[in-house]
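The values are calculated or read from the model by the stated rules, or taken from the named source; none is laboratory data. Predicted, not measured: the structure shown is a model, and the values here were computed from it. Quick reminder, even Gly has a Cβ in these numbers, built from the backbone with ideal geometry, and neighbours come from all protein chains shown. Surface areas here come from the heavy atoms of the whole protein model, side chains and all, with no ligands, DNA or RNA. Shrake-Rupley method; radii C 1.70, N 1.55, O 1.52, S 1.80 Å.
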Amino acid sequence: MELLDTLNAEEKKSKEVATVSTDEAFLEEADKEEESLLKEQIPHVYQSSWFLGYFKPQPVVFQWILTIFASIGGVLFGVDQSLISAVLLYMPQDLHLTSSQVSMVVGFPALGALVGSAIVPACNLATGRKGSLIITTILYTVGAILEADSHGFGTMLAGRMVIGVALGLEGGTVPMYIAECASRKKRGSLISIYQFMLQVGILLGYVVDAMFVNVSGNWRFMLGSSLFFSTLLGVGTVILPESPRWLVLTDRVTIAYSMWSKTKDLSQTDERKEFFEMKRKVLREHEESKKRSVWLDLFRIRRNFRAVFLGVMLMIIQEFSGINAISYYMGTLLHRSGFSSLDSVYWSMLPGFCGILGTLPPVLFMDRLGRRMMILAPMSVVIISLALCGFSFLISKENVSGRTALYMLGVCIYELFWSQGLGPVPWVILGEAFPAYLRNHGMAVGDFVTFVGNFITTYWFSDMAAAMTETGVFAGFFGGITFLGLLYCLLLMPETKDKTLEQLDEVFEMPTRELVIKNIESSKTAMNDLLHFRFGKALGW
(Lines give C-alpha, C1' and ligand atoms only; values in the text may rest on other atoms or scores of the structure.)
Protein backbone atom coordinates (compact mmCIF):
# COMPACT_ATOMS: atom_id res chain seq x y z
CA MET A 1 0.00 0.00 0.00
CA GLU A 2 2.82 2.36 0.92
CA LEU A 3 4.61 1.44 -2.29
CA LEU A 4 1.47 2.26 -4.30
CA ASP A 5 1.12 5.63 -2.57
CA THR A 6 4.78 6.38 -3.29
CA LEU A 7 4.34 5.51 -6.97
CA ASN A 8 1.19 7.67 -7.24
CA ALA A 9 2.99 10.57 -5.59
CA GLU A 10 5.93 10.25 -7.97
CA GLU A 11 3.60 10.04 -10.96
CA LYS A 12 1.74 13.16 -9.82
CA LYS A 13 5.01 15.01 -9.29
CA SER A 14 6.30 14.01 -12.73
CA LYS A 15 3.07 15.28 -14.33
CA GLU A 16 3.42 18.59 -12.49
CA VAL A 17 7.03 18.92 -13.63
CA ALA A 18 5.98 18.10 -17.21
CA THR A 19 3.20 20.70 -17.04
CA VAL A 20 5.57 23.36 -15.71
CA SER A 21 8.17 22.62 -18.36
CA THR A 22 5.48 22.67 -21.08
CA ASP A 23 4.17 26.03 -19.81
CA GLU A 24 7.71 27.44 -19.71
CA ALA A 25 8.37 26.29 -23.27
CA PHE A 26 5.04 27.77 -24.39
CA LEU A 27 5.75 31.11 -22.69
CA GLU A 28 9.24 31.24 -24.15
CA GLU A 29 7.79 30.71 -27.61
CA ALA A 30 5.05 33.27 -26.89
CA ASP A 31 7.70 35.83 -25.84
CA LYS A 32 9.44 35.44 -29.20
CA GLU A 33 6.15 35.77 -31.05
CA GLU A 34 5.22 38.82 -29.00
CA GLU A 35 8.56 40.44 -29.75
CA SER A 36 7.95 39.83 -33.45
CA LEU A 37 4.46 41.37 -33.27
CA LEU A 38 5.69 44.47 -31.46
CA LYS A 39 8.35 45.05 -34.15
CA GLU A 40 5.74 45.18 -36.90
CA GLN A 41 4.91 48.75 -37.77
CA ILE A 42 1.33 49.28 -38.91
CA PRO A 43 0.43 52.88 -39.76
CA HIS A 44 -3.18 52.41 -38.63
CA VAL A 45 -2.71 50.23 -35.58
CA TYR A 46 -5.76 51.92 -34.06
CA GLN A 47 -7.87 51.57 -37.19
CA SER A 48 -10.38 49.38 -35.35
CA SER A 49 -11.20 52.37 -33.13
CA TRP A 50 -10.01 55.96 -33.51
CA PHE A 51 -11.16 56.44 -29.90
CA LEU A 52 -8.22 54.36 -28.64
CA GLY A 53 -5.75 56.69 -30.27
CA TYR A 54 -6.81 59.58 -28.03
CA PHE A 55 -8.02 57.94 -24.85
CA LYS A 56 -6.15 55.02 -23.30
CA PRO A 57 -7.93 53.86 -20.13
CA GLN A 58 -6.86 51.02 -17.88
CA PRO A 59 -7.84 47.57 -19.27
CA VAL A 60 -10.54 46.97 -16.65
CA VAL A 61 -12.04 50.42 -17.23
CA PHE A 62 -11.98 49.96 -20.98
CA GLN A 63 -13.76 46.61 -20.70
CA TRP A 64 -16.63 48.38 -18.95
CA ILE A 65 -16.67 51.25 -21.49
CA LEU A 66 -16.68 48.78 -24.36
CA THR A 67 -19.48 46.75 -22.77
CA ILE A 68 -21.70 49.74 -22.03
CA PHE A 69 -21.44 51.15 -25.55
CA ALA A 70 -22.04 47.76 -27.17
CA SER A 71 -25.00 47.16 -24.85
CA ILE A 72 -26.81 50.28 -26.07
CA GLY A 73 -28.27 47.79 -28.55
CA GLY A 74 -29.92 46.19 -25.53
CA VAL A 75 -31.56 49.54 -24.76
CA LEU A 76 -33.13 49.52 -28.22
CA PHE A 77 -34.23 45.93 -27.73
CA GLY A 78 -35.93 46.87 -24.44
CA VAL A 79 -37.43 50.09 -25.77
CA ASP A 80 -39.12 48.17 -28.58
CA GLN A 81 -40.63 45.72 -26.08
CA SER A 82 -42.15 48.40 -23.86
CA LEU A 83 -43.08 51.17 -26.33
CA ILE A 84 -45.60 48.94 -28.06
CA SER A 85 -47.38 48.44 -24.72
CA ALA A 86 -48.96 51.95 -24.73
CA VAL A 87 -49.02 52.19 -28.53
CA LEU A 88 -51.53 49.32 -28.59
CA LEU A 89 -53.95 51.41 -26.52
CA TYR A 90 -54.16 54.15 -29.21
CA MET A 91 -52.65 53.15 -32.58
CA PRO A 92 -55.19 50.44 -33.62
CA GLN A 93 -58.06 52.96 -33.52
CA ASP A 94 -56.13 55.57 -35.56
CA LEU A 95 -55.10 53.07 -38.26
CA HIS A 96 -58.40 51.12 -38.08
CA LEU A 97 -56.69 47.80 -37.45
CA THR A 98 -58.51 44.54 -36.83
CA SER A 99 -57.60 42.32 -33.87
CA SER A 100 -55.76 39.99 -36.29
CA GLN A 101 -53.73 42.91 -37.67
CA VAL A 102 -52.88 44.05 -34.12
CA SER A 103 -51.55 40.57 -33.36
CA MET A 104 -49.39 40.77 -36.50
CA VAL A 105 -48.03 44.19 -35.53
CA VAL A 106 -47.04 42.80 -32.12
CA GLY A 107 -45.84 39.35 -33.21
CA PHE A 108 -44.30 39.81 -36.66
CA PRO A 109 -41.13 41.63 -35.51
CA ALA A 110 -40.14 38.21 -34.19
CA LEU A 111 -40.39 36.85 -37.75
CA GLY A 112 -38.13 39.67 -38.91
CA ALA A 113 -35.78 38.73 -36.06
CA LEU A 114 -35.61 35.19 -37.45
CA VAL A 115 -34.17 36.69 -40.64
CA GLY A 116 -31.74 38.74 -38.53
CA SER A 117 -30.71 35.60 -36.64
CA ALA A 118 -30.17 33.71 -39.89
CA ILE A 119 -27.73 36.30 -41.22
CA VAL A 120 -25.71 36.52 -37.97
CA PRO A 121 -22.96 34.06 -39.08
CA ALA A 122 -22.48 35.49 -42.56
CA CYS A 123 -22.68 39.10 -41.40
CA ASN A 124 -20.29 38.62 -38.47
CA LEU A 125 -17.76 36.72 -40.56
CA ALA A 126 -17.86 39.19 -43.44
CA THR A 127 -18.04 42.54 -41.59
CA GLY A 128 -16.95 41.64 -38.05
CA ARG A 129 -18.81 42.29 -34.80
CA LYS A 130 -18.45 46.05 -35.23
CA GLY A 131 -19.69 45.99 -38.82
CA SER A 132 -22.74 43.96 -37.78
CA LEU A 133 -23.60 46.57 -35.15
CA ILE A 134 -23.34 49.35 -37.76
CA ILE A 135 -25.80 47.46 -39.97
CA THR A 136 -28.05 47.02 -36.91
CA THR A 137 -28.02 50.79 -36.31
CA ILE A 138 -29.12 51.48 -39.89
CA LEU A 139 -31.95 48.94 -39.65
CA TYR A 140 -33.20 50.39 -36.35
CA THR A 141 -33.24 53.89 -37.87
CA VAL A 142 -35.13 52.86 -41.02
CA GLY A 143 -37.63 50.81 -39.00
CA ALA A 144 -38.35 53.65 -36.56
CA ILE A 145 -39.01 56.10 -39.42
CA LEU A 146 -41.42 53.67 -41.12
CA GLU A 147 -43.29 53.05 -37.86
CA ALA A 148 -43.64 56.70 -36.85
CA ASP A 149 -44.74 57.82 -40.33
CA SER A 150 -47.08 54.95 -41.11
CA HIS A 151 -50.60 55.74 -42.30
CA GLY A 152 -51.78 52.20 -42.79
CA PHE A 153 -51.29 48.60 -41.80
CA GLY A 154 -48.78 47.83 -44.59
CA THR A 155 -46.26 50.53 -43.67
CA MET A 156 -46.57 49.80 -39.97
CA LEU A 157 -45.96 46.09 -40.52
CA ALA A 158 -42.97 46.81 -42.78
CA GLY A 159 -41.43 49.05 -40.10
CA ARG A 160 -42.00 46.42 -37.44
CA MET A 161 -40.40 43.74 -39.59
CA VAL A 162 -37.31 45.90 -40.25
CA ILE A 163 -37.00 46.53 -36.50
CA GLY A 164 -37.27 42.77 -36.06
CA VAL A 165 -34.33 42.09 -38.40
CA ALA A 166 -32.26 44.55 -36.34
CA LEU A 167 -33.29 42.81 -33.10
CA GLY A 168 -32.19 39.42 -34.44
CA LEU A 169 -28.83 40.63 -35.72
CA GLU A 170 -28.08 42.60 -32.57
CA GLY A 171 -29.13 39.80 -30.20
CA GLY A 172 -26.75 37.40 -31.95
CA THR A 173 -23.83 39.85 -31.99
CA VAL A 174 -23.60 41.84 -28.75
CA PRO A 175 -23.28 39.00 -26.17
CA MET A 176 -20.72 37.25 -28.39
CA TYR A 177 -18.74 40.48 -28.87
CA ILE A 178 -18.63 41.16 -25.11
CA ALA A 179 -17.65 37.55 -24.35
CA GLU A 180 -14.76 37.73 -26.82
CA CYS A 181 -13.41 40.99 -25.37
CA ALA A 182 -13.94 40.33 -21.65
CA SER A 183 -11.49 38.71 -19.25
CA ARG A 184 -12.52 35.31 -17.91
CA LYS A 185 -13.00 36.58 -14.35
CA LYS A 186 -15.43 39.31 -15.40
CA ARG A 187 -17.08 37.74 -18.43
CA GLY A 188 -20.35 36.80 -16.71
CA SER A 189 -20.81 40.21 -15.11
CA LEU A 190 -19.98 42.08 -18.31
CA ILE A 191 -22.38 40.07 -20.46
CA SER A 192 -25.02 40.70 -17.76
CA ILE A 193 -24.64 44.41 -18.53
CA TYR A 194 -26.42 43.65 -21.81
CA GLN A 195 -29.45 42.40 -19.88
CA PHE A 196 -29.18 45.39 -17.54
CA MET A 197 -29.27 47.78 -20.50
CA LEU A 198 -32.19 45.85 -21.95
CA GLN A 199 -34.09 46.41 -18.70
CA VAL A 200 -33.08 50.09 -18.79
CA GLY A 201 -34.54 50.20 -22.29
CA ILE A 202 -37.80 48.65 -21.09
CA LEU A 203 -38.13 51.29 -18.37
CA LEU A 204 -37.20 54.10 -20.78
CA GLY A 205 -39.87 52.83 -23.17
CA TYR A 206 -42.51 53.10 -20.45
CA VAL A 207 -41.18 56.56 -19.50
CA VAL A 208 -41.42 57.71 -23.13
CA ASP A 209 -44.98 56.35 -23.29
CA ALA A 210 -45.87 58.40 -20.21
CA MET A 211 -44.20 61.53 -21.66
CA PHE A 212 -46.23 61.49 -24.88
CA VAL A 213 -49.49 59.87 -23.75
CA ASN A 214 -51.31 63.24 -23.56
CA VAL A 215 -49.86 64.58 -26.84
CA SER A 216 -51.90 64.56 -30.05
CA GLY A 217 -50.67 61.69 -32.22
CA ASN A 218 -49.02 60.25 -29.13
CA TRP A 219 -48.18 56.81 -30.53
CA ARG A 220 -46.18 58.32 -33.42
CA PHE A 221 -43.93 60.18 -30.99
CA MET A 222 -43.59 57.03 -28.90
CA LEU A 223 -42.42 54.93 -31.83
CA GLY A 224 -40.30 57.74 -33.30
CA SER A 225 -38.34 58.08 -30.05
CA SER A 226 -36.35 54.99 -31.14
CA LEU A 227 -34.42 57.32 -33.46
CA PHE A 228 -32.75 58.93 -30.44
CA PHE A 229 -31.57 55.58 -29.12
CA SER A 230 -30.41 54.32 -32.53
CA THR A 231 -28.31 57.51 -32.83
CA LEU A 232 -26.67 56.67 -29.48
CA LEU A 233 -25.91 53.16 -30.73
CA GLY A 234 -24.40 54.64 -33.90
CA VAL A 235 -22.09 56.91 -31.89
CA GLY A 236 -21.13 54.02 -29.61
CA THR A 237 -20.36 51.75 -32.55
CA VAL A 238 -17.87 54.27 -33.97
CA ILE A 239 -16.01 54.21 -30.66
CA LEU A 240 -15.89 50.42 -30.31
CA PRO A 241 -12.82 48.42 -31.34
CA GLU A 242 -13.14 45.16 -33.24
CA SER A 243 -13.07 41.79 -31.48
CA PRO A 244 -9.48 40.44 -31.23
CA ARG A 245 -10.70 36.92 -32.02
CA TRP A 246 -12.31 38.11 -35.27
CA LEU A 247 -9.14 40.04 -36.16
CA VAL A 248 -7.09 36.86 -35.66
CA LEU A 249 -9.60 34.96 -37.78
CA THR A 250 -9.10 37.49 -40.59
CA ASP A 251 -5.28 37.31 -40.32
CA ARG A 252 -4.76 40.69 -38.63
CA VAL A 253 -2.83 39.33 -35.68
CA THR A 254 -0.81 42.49 -34.95
CA ILE A 255 -3.94 44.64 -34.68
CA ALA A 256 -5.60 41.87 -32.65
CA TYR A 257 -2.73 41.91 -30.17
CA SER A 258 -2.93 45.70 -29.96
CA MET A 259 -6.68 45.48 -29.20
CA TRP A 260 -6.02 42.69 -26.70
CA SER A 261 -3.52 44.88 -24.84
CA LYS A 262 -6.22 47.54 -24.36
CA THR A 263 -8.66 45.19 -22.65
CA LYS A 264 -6.26 42.81 -20.86
CA ASP A 265 -3.48 43.39 -18.32
CA LEU A 266 -0.46 41.95 -20.12
CA SER A 267 1.65 42.22 -16.99
CA GLN A 268 -0.29 39.13 -15.91
CA THR A 269 1.18 35.95 -17.39
CA ASP A 270 -2.26 34.34 -17.74
CA GLU A 271 -3.57 37.25 -19.84
CA ARG A 272 -0.57 37.09 -22.20
CA LYS A 273 -0.72 33.31 -22.40
CA GLU A 274 -4.45 33.39 -23.19
CA PHE A 275 -3.88 35.51 -26.30
CA PHE A 276 -1.42 33.09 -27.88
CA GLU A 277 -3.49 30.07 -26.86
CA MET A 278 -6.53 31.75 -28.39
CA LYS A 279 -4.65 32.65 -31.55
CA ARG A 280 -3.42 29.11 -32.15
CA LYS A 281 -6.76 27.52 -31.40
CA VAL A 282 -8.74 29.98 -33.55
CA LEU A 283 -6.42 29.52 -36.54
CA ARG A 284 -6.30 25.73 -36.14
CA GLU A 285 -10.08 25.42 -35.90
CA HIS A 286 -10.51 27.79 -38.84
CA GLU A 287 -8.23 25.68 -41.02
CA GLU A 288 -9.96 22.48 -39.96
CA SER A 289 -13.39 23.98 -40.66
CA LYS A 290 -12.46 24.55 -44.31
CA LYS A 291 -12.35 20.78 -44.81
CA ARG A 292 -15.96 20.13 -43.72
CA SER A 293 -19.38 21.70 -43.18
CA VAL A 294 -19.18 24.02 -40.19
CA TRP A 295 -22.92 23.87 -39.52
CA LEU A 296 -22.81 20.10 -39.19
CA ASP A 297 -20.08 20.43 -36.55
CA LEU A 298 -22.71 21.86 -34.22
CA PHE A 299 -24.51 18.54 -34.19
CA ARG A 300 -22.06 15.77 -35.06
CA ILE A 301 -19.33 16.73 -32.56
CA ARG A 302 -20.60 15.77 -29.12
CA ARG A 303 -18.97 18.71 -27.31
CA ASN A 304 -20.67 21.19 -29.66
CA PHE A 305 -24.01 19.37 -29.59
CA ARG A 306 -24.08 19.61 -25.79
CA ALA A 307 -23.41 23.36 -26.03
CA VAL A 308 -26.06 24.01 -28.67
CA PHE A 309 -28.63 21.84 -26.87
CA LEU A 310 -28.03 23.73 -23.63
CA GLY A 311 -28.29 27.08 -25.40
CA VAL A 312 -31.53 26.09 -27.15
CA MET A 313 -33.10 24.78 -23.94
CA LEU A 314 -32.18 27.91 -21.98
CA MET A 315 -33.68 30.13 -24.67
CA ILE A 316 -36.88 28.06 -24.76
CA ILE A 317 -37.19 28.35 -20.98
CA GLN A 318 -36.46 32.08 -21.14
CA GLU A 319 -39.06 32.86 -23.79
CA PHE A 320 -41.79 30.52 -22.52
CA SER A 321 -41.54 31.94 -19.03
CA GLY A 322 -43.76 34.69 -20.49
CA ILE A 323 -41.48 37.72 -20.48
CA ASN A 324 -42.37 39.06 -23.93
CA ALA A 325 -46.10 38.55 -23.52
CA ILE A 326 -45.95 40.46 -20.22
CA SER A 327 -43.78 43.27 -21.64
CA TYR A 328 -45.56 43.70 -24.98
CA TYR A 329 -49.04 43.54 -23.47
CA MET A 330 -48.22 45.32 -20.20
CA GLY A 331 -50.62 48.19 -20.85
CA THR A 332 -53.34 45.88 -22.15
CA LEU A 333 -53.02 43.48 -19.20
CA LEU A 334 -53.07 46.32 -16.67
CA HIS A 335 -56.18 47.66 -18.39
CA ARG A 336 -57.83 44.22 -18.17
CA SER A 337 -56.91 43.96 -14.49
CA GLY A 338 -58.86 47.15 -13.76
CA PHE A 339 -56.69 50.21 -14.54
CA SER A 340 -57.85 52.96 -16.91
CA SER A 341 -55.91 53.37 -20.19
CA LEU A 342 -54.07 56.41 -18.82
CA ASP A 343 -53.25 54.77 -15.48
CA SER A 344 -52.06 51.65 -17.33
CA VAL A 345 -49.40 53.72 -19.09
CA TYR A 346 -48.18 55.35 -15.87
CA TRP A 347 -48.21 52.19 -13.73
CA SER A 348 -46.24 50.29 -16.40
CA MET A 349 -43.14 52.14 -15.20
CA LEU A 350 -43.11 50.37 -11.81
CA PRO A 351 -42.45 46.84 -13.17
CA GLY A 352 -39.86 48.36 -15.51
CA PHE A 353 -38.04 49.85 -12.53
CA CYS A 354 -38.17 46.46 -10.74
CA GLY A 355 -36.57 44.88 -13.81
CA ILE A 356 -33.60 47.26 -13.55
CA LEU A 357 -33.16 46.50 -9.83
CA GLY A 358 -33.22 42.80 -10.62
CA THR A 359 -30.31 43.01 -13.05
CA LEU A 360 -27.94 44.48 -10.45
CA PRO A 361 -27.14 41.16 -8.63
CA PRO A 362 -25.95 39.36 -11.78
CA VAL A 363 -23.85 42.37 -12.82
CA LEU A 364 -22.22 42.46 -9.38
CA PHE A 365 -22.08 38.77 -8.44
CA MET A 366 -22.42 36.58 -11.56
CA ASP A 367 -18.74 35.65 -11.59
CA ARG A 368 -18.68 34.99 -7.83
CA LEU A 369 -21.90 33.01 -7.47
CA GLY A 370 -21.66 31.24 -10.81
CA ARG A 371 -24.22 30.74 -13.58
CA ARG A 372 -26.09 27.89 -11.87
CA MET A 373 -26.75 29.69 -8.61
CA MET A 374 -27.69 32.83 -10.52
CA ILE A 375 -30.46 31.11 -12.48
CA LEU A 376 -31.76 28.43 -10.09
CA ALA A 377 -32.59 30.57 -7.05
CA PRO A 378 -34.63 33.28 -8.89
CA MET A 379 -36.55 30.74 -11.02
CA SER A 380 -38.38 29.42 -7.95
CA VAL A 381 -39.69 32.91 -7.18
CA VAL A 382 -40.61 33.50 -10.85
CA ILE A 383 -42.94 30.48 -10.69
CA ILE A 384 -44.68 31.89 -7.60
CA SER A 385 -45.02 35.34 -9.19
CA LEU A 386 -46.62 33.85 -12.32
CA ALA A 387 -49.17 32.15 -10.08
CA LEU A 388 -49.94 35.50 -8.39
CA CYS A 389 -50.43 37.18 -11.79
CA GLY A 390 -52.72 34.39 -12.94
CA PHE A 391 -54.81 34.20 -9.77
CA SER A 392 -55.38 37.97 -9.80
CA PHE A 393 -57.75 37.50 -12.75
CA LEU A 394 -59.93 35.20 -10.62
CA ILE A 395 -60.82 38.13 -8.35
CA SER A 396 -64.13 39.75 -9.21
CA LYS A 397 -63.96 42.73 -11.58
CA GLU A 398 -66.02 44.69 -9.07
CA ASN A 399 -63.10 44.40 -6.61
CA VAL A 400 -60.83 46.63 -8.71
CA SER A 401 -58.37 47.47 -5.94
CA GLY A 402 -57.81 43.83 -4.93
CA ARG A 403 -57.52 42.66 -8.53
CA THR A 404 -55.06 45.36 -9.59
CA ALA A 405 -53.03 45.14 -6.37
CA LEU A 406 -52.46 41.38 -6.68
CA TYR A 407 -51.59 41.65 -10.38
CA MET A 408 -49.12 44.51 -9.77
CA LEU A 409 -47.55 42.59 -6.88
CA GLY A 410 -47.14 39.52 -9.07
CA VAL A 411 -45.72 41.34 -12.09
CA CYS A 412 -43.28 43.41 -9.98
CA ILE A 413 -41.95 40.29 -8.25
CA TYR A 414 -41.77 38.60 -11.64
CA GLU A 415 -39.72 41.40 -13.22
CA LEU A 416 -37.46 41.65 -10.16
CA PHE A 417 -36.48 37.97 -10.15
CA TRP A 418 -36.78 37.12 -13.86
CA SER A 419 -34.15 39.75 -14.65
CA GLN A 420 -31.78 38.22 -12.08
CA GLY A 421 -31.59 34.77 -13.65
CA LEU A 422 -33.64 33.93 -16.72
CA GLY A 423 -32.77 37.28 -18.28
CA PRO A 424 -28.94 37.37 -18.26
CA VAL A 425 -27.80 33.77 -17.75
CA PRO A 426 -28.98 32.30 -21.10
CA TRP A 427 -27.19 35.11 -22.96
CA VAL A 428 -24.04 34.59 -20.89
CA ILE A 429 -24.02 30.86 -21.68
CA LEU A 430 -24.69 31.47 -25.39
CA GLY A 431 -21.87 34.00 -25.59
CA GLU A 432 -19.27 31.67 -24.07
CA ALA A 433 -20.33 28.06 -24.81
CA PHE A 434 -19.03 27.61 -28.37
CA PRO A 435 -15.52 27.32 -29.85
CA ALA A 436 -14.37 30.40 -31.78
CA TYR A 437 -15.02 29.04 -35.28
CA LEU A 438 -18.60 28.06 -34.32
CA ARG A 439 -19.48 31.01 -32.09
CA ASN A 440 -21.30 32.86 -34.88
CA HIS A 441 -23.31 29.77 -35.75
CA GLY A 442 -24.11 28.83 -32.15
CA MET A 443 -25.27 32.37 -31.38
CA ALA A 444 -27.41 32.32 -34.53
CA VAL A 445 -29.15 29.10 -33.45
CA GLY A 446 -29.84 30.45 -29.94
CA ASP A 447 -30.97 33.78 -31.35
CA PHE A 448 -33.27 32.01 -33.81
CA VAL A 449 -34.90 29.95 -31.06
CA THR A 450 -35.34 33.09 -28.96
CA PHE A 451 -37.43 34.81 -31.59
CA VAL A 452 -39.42 31.70 -32.48
CA GLY A 453 -40.47 31.68 -28.82
CA ASN A 454 -41.01 35.45 -28.95
CA PHE A 455 -43.34 35.06 -31.94
CA ILE A 456 -45.34 32.20 -30.42
CA THR A 457 -45.85 33.91 -27.05
CA THR A 458 -46.79 37.32 -28.51
CA TYR A 459 -48.63 36.62 -31.77
CA TRP A 460 -50.85 33.96 -30.23
CA PHE A 461 -51.10 35.43 -26.73
CA SER A 462 -54.61 36.82 -27.25
CA ASP A 463 -55.81 33.47 -28.61
CA MET A 464 -54.10 31.61 -25.75
CA ALA A 465 -55.74 33.90 -23.18
CA ALA A 466 -59.13 33.36 -24.81
CA ALA A 467 -58.70 29.58 -24.88
CA MET A 468 -57.01 29.05 -21.48
CA THR A 469 -57.99 32.31 -19.69
CA GLU A 470 -55.34 34.64 -18.29
CA THR A 471 -55.10 32.44 -15.20
CA GLY A 472 -54.39 29.36 -17.29
CA VAL A 473 -51.77 31.14 -19.40
CA PHE A 474 -49.83 32.63 -16.49
CA ALA A 475 -50.14 30.03 -13.73
CA GLY A 476 -50.52 26.93 -15.91
CA PHE A 477 -48.69 27.44 -19.21
CA PHE A 478 -45.88 29.89 -18.36
CA GLY A 479 -45.56 28.69 -14.76
CA GLY A 480 -45.53 25.01 -15.75
CA ILE A 481 -42.82 25.46 -18.39
CA THR A 482 -40.70 27.48 -15.96
CA PHE A 483 -40.99 24.67 -13.39
CA LEU A 484 -39.83 22.09 -15.96
CA GLY A 485 -37.01 24.47 -16.87
CA LEU A 486 -35.97 24.64 -13.23
CA LEU A 487 -35.61 20.84 -13.14
CA TYR A 488 -33.62 20.87 -16.38
CA CYS A 489 -31.17 23.52 -15.15
CA LEU A 490 -30.80 21.76 -11.79
CA LEU A 491 -29.71 18.51 -13.43
CA LEU A 492 -28.20 19.32 -16.82
CA MET A 493 -26.73 22.82 -16.75
CA PRO A 494 -22.93 22.89 -16.19
CA GLU A 495 -21.03 25.63 -14.36
CA THR A 496 -18.87 27.78 -16.68
CA LYS A 497 -17.53 30.51 -14.39
CA ASP A 498 -13.84 31.37 -14.02
CA LYS A 499 -12.67 29.66 -17.23
CA THR A 500 -11.31 31.07 -20.49
CA LEU A 501 -13.42 30.53 -23.60
CA GLU A 502 -10.90 27.95 -24.78
CA GLN A 503 -10.94 26.06 -21.45
CA LEU A 504 -14.70 25.53 -21.71
CA ASP A 505 -14.08 22.64 -24.10
CA GLU A 506 -13.38 20.51 -21.01
CA VAL A 507 -16.73 21.49 -19.47
CA PHE A 508 -18.79 20.50 -22.50
CA GLU A 509 -16.82 17.32 -23.13
CA MET A 510 -18.01 15.95 -19.78
CA PRO A 511 -20.41 12.97 -20.29
CA THR A 512 -24.04 13.75 -19.46
CA ARG A 513 -24.27 11.07 -16.76
CA GLU A 514 -21.18 12.47 -15.03
CA LEU A 515 -22.60 16.00 -15.27
CA VAL A 516 -25.92 14.98 -13.68
CA ILE A 517 -24.14 13.22 -10.81
CA LYS A 518 -21.87 16.24 -10.28
CA ASN A 519 -24.84 18.65 -10.29
CA ILE A 520 -26.83 16.53 -7.82
CA GLU A 521 -23.87 16.33 -5.46
CA SER A 522 -23.16 20.05 -5.65
CA SER A 523 -26.87 20.81 -5.05
CA LYS A 524 -26.94 18.53 -2.00
CA THR A 525 -23.81 20.17 -0.63
CA ALA A 526 -25.20 23.68 -1.19
CA MET A 527 -28.53 22.76 0.44
CA ASN A 528 -26.76 21.20 3.43
CA ASP A 529 -24.66 24.35 3.85
CA LEU A 530 -27.77 26.53 3.73
CA LEU A 531 -29.58 24.39 6.30
CA HIS A 532 -26.59 24.75 8.63
CA PHE A 533 -26.40 28.50 8.02
CA ARG A 534 -23.08 28.29 6.17
CA PHE A 535 -24.26 30.88 3.69
CA GLY A 536 -20.80 31.99 2.57
CA LYS A 537 -19.78 28.45 1.70
CA ALA A 538 -23.12 27.73 -0.02
CA LEU A 539 -22.71 30.83 -2.18
CA GLY A 540 -19.10 29.99 -3.00
CA TRP A 541 -17.62 33.03 -1.22
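Just checking, which of Leu203, Leu169, Leu198 is in contact (Cβ under 8 Å) with a residue 12 or more places away in the chain and more than 15 Å from the chain's Cα centre (by Cα)?
Leu203
Out of Ala526, Ala444, Ala466, Ala433, which single residue is among the small types (Gly, Ala, Ser) and open to solvent by 70 Å² or more (accessible area, probe 1.4 Å)?
Exactly one of Ala526, Ala444, Ala466, Ala433 is among the small types (Gly, Ala, Ser) and open to solvent by 70 Å² or more (accessible area, probe 1.4 Å), namely Ala466.
For the range 90-101, what are the residues that are open to solvent by 30 Å² or more (accessible area, probe 1.4 Å) and closer than 20 Å to Phe212 by Cβ?
Of everything in the range 90-101, those that are open to solvent by 30 Å² or more (accessible area, probe 1.4 Å) and closer than 20 Å to Phe212 by Cβ turn out to be Tyr90, Gln93, Asp94.
Quick one: which of Gly164, Gly143, Gly188, Gly112 is touching an Asp or Glu at 6+ places or on another chain (Cβ under 8 Å) and open to solvent by less than 10 Å² (accessible area, probe 1.4 Å)?
The conditions single out Gly188.
Do we find a residue being open to solvent by 20 Å² or more (accessible area, probe 1.4 Å) and out of contact with any Leu (no Cβ under 9 Å at 6 or more places or on another chain) anywhere in the range 67-81?
Looking through the range 67-81, at least one residue is open to solvent by 20 Å² or more (accessible area, probe 1.4 Å) and out of contact with any Leu (no Cβ under 9 Å at 6 or more places or on another chain).
Taking only the range 318-343 into account, find how many residues are part of a helix (DSSP H, G or I) and either small (Gly, Ala, Ser) or free of Cβ contacts under 8 Å to residues at least 12 places away in the same chain (or both).
6
Output the number of residues of the range 382-398 satisfying the condition of being outside any helix (DSSP H, G or I), surrounded by fewer than 20 Cβ atoms within 10 Å (Cβ to Cβ) and either under 25 Å from the mean Cα position of the chain (by Cα) or in contact (Cβ under 8 Å) with a residue 60 or more places away in the chain (or both).
1
Report yes if some residue within the range 481-496 is open to solvent by less than 40 Å² (accessible area, probe 1.4 Å), among the acidic types (Asp, Glu), in contact (Cβ under 8 Å) with a residue 60 or more places away in the chain and part of a loop (DSSP other than H, G, I, E, B); otherwise report no.
No, every residue in the range 481-496 fails to be open to solvent by less than 40 Å² (accessible area, probe 1.4 Å), among the acidic types (Asp, Glu), in contact (Cβ under 8 Å) with a residue 60 or more places away in the chain and part of a loop (DSSP other than H, G, I, E, B).
Which of the residues that make up the range 217-243 are among the hydroxyl-bearing types (Ser, Thr, Tyr), outside any helix (DSSP H, G or I) and open to solvent by less than 10 Å² (accessible area, probe 1.4 Å)?
Ser243
Determine whether the range 269-289 contains at least one residue that is under 19 Å from Gly431 (Cβ atoms) and touching a Cys at 6+ places or on another chain (Cβ under 6 Å).
No.
I'd like to check something: does the range 441-462 contain any residue that is over 20 Å from Val312 (Cβ atoms), of a type in the set (S, T, N, Q), more than 25 Å from the chain's Cα centre (by Cα) and at pLDDT 85 or above?
Scanning the range 441-462, I find no residue that is over 20 Å from Val312 (Cβ atoms), of a type in the set (S, T, N, Q), more than 25 Å from the chain's Cα centre (by Cα) and at pLDDT 85 or above, so the answer is no.
Filter the range 244-275 down to residues that are without any contact (Cβ under 8 Å) to a residue 40 or more places away in the chain and in a loop (DSSP other than H, G, I, E, B) and give me whichever is surrounded by the fewest Cβ atoms within 10 Å (Cβ to Cβ).
Checking each candidate, the answer is Ser267.
Counting only residues that are open to solvent by 20 Å² or more (accessible area, probe 1.4 Å) and among the polar types (S, T, N, Q), how many does the range 405-421 have?
1
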